[in-house]
Amino acid sequence: MNNRLETFVKENRRSFDIMEPSPALWAKIEQKLDQKKEKKPIKLYLWMSVAAAIIVVFGLGWLYAGKMQSGEIEIADVNAVYAKKEVQFAGLIIEKRDSLAIFAAANPELYKKFTADLKKLDEEYERLKNELPTSPNQTFVVKAMVKNREIQLQLLKQQLLIINQVDDYKKVNQI
């Protein structure tokens, strides 16, 4: 079979060579091939951009839904300025509580009274924190939380001042 095909091609070679397509036809084919090459990367880039945008939107939606399900809203979500104040007050409160704990051994009864007052303020702060996600006026609740921290800090300062005065009084009366 191979031989017959080869023989046929050799005998009719001139007939095949005469029937070449015109140069204008080749130009049209080349032009269409060039157009197809330009369109494919644009379409691929477009589809990849759309896919990336969809992934980002679903990702953000998933994060937002997860945060809403947990029911936790941070102060920074409501107001960044108040969040900075709250963090500052919380750091100072920890520092003052540590200072107060140092004096606990010298004045245990006074320390118990002081910690009872602070415990009430802590409980109020936690109540406000739990109320924050469901509150219609979250800014008001955040202001109250920051004010609570400020009052705790002022109370601790007063308590440390009282302890220092008591210690000074004890020293003066011992002489």
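The values are calculated or read from the model by the stated rules, or taken from the named source; none is laboratory data. All values reported here derive from a predicted model rather than from experimental measurement. Here Cβ is always computed from backbone atoms with ideal geometry, including for glycine, and neighbour counts include all displayed protein chains.
What to note about this one:
- For the range 44-67, the condition holds for at least one residue, the condition being that it is at pLDDT below 70 and under 30 Å from Glu131 (Cα atoms).
- Residue check, Asn107 surrounded by 14 or more Cβ atoms within 10 Å (Cβ to Cβ) and among the polar types (S, T, N, Q): yes
- Of the helices (runs of 4 or more DSSP H) lying entirely inside the range 70-175, the ones with 2 or more residues being of a type in the set (Lys, Arg) and at negative phi are found at 80-102, 108-131, 138-174.
- Scanning the range 116-133 for residues that are free of Cβ contacts under 8 Å to residues at least 12 places away in the same chain and of a type outside the set (D, E, K, R) turns up Ala116, Asn130.
- Contact map, the range 152-175: first residue closer than 11 Å to Lys96 by Cβ, second residue assigned to a helix (DSSP H, G or I) and β-branched (Val, Ile, Thr), Cβ cut-off under 6 Å, separation 6 or more or different chains; pairs are Gln152/Ile93; Leu153/Ile93.
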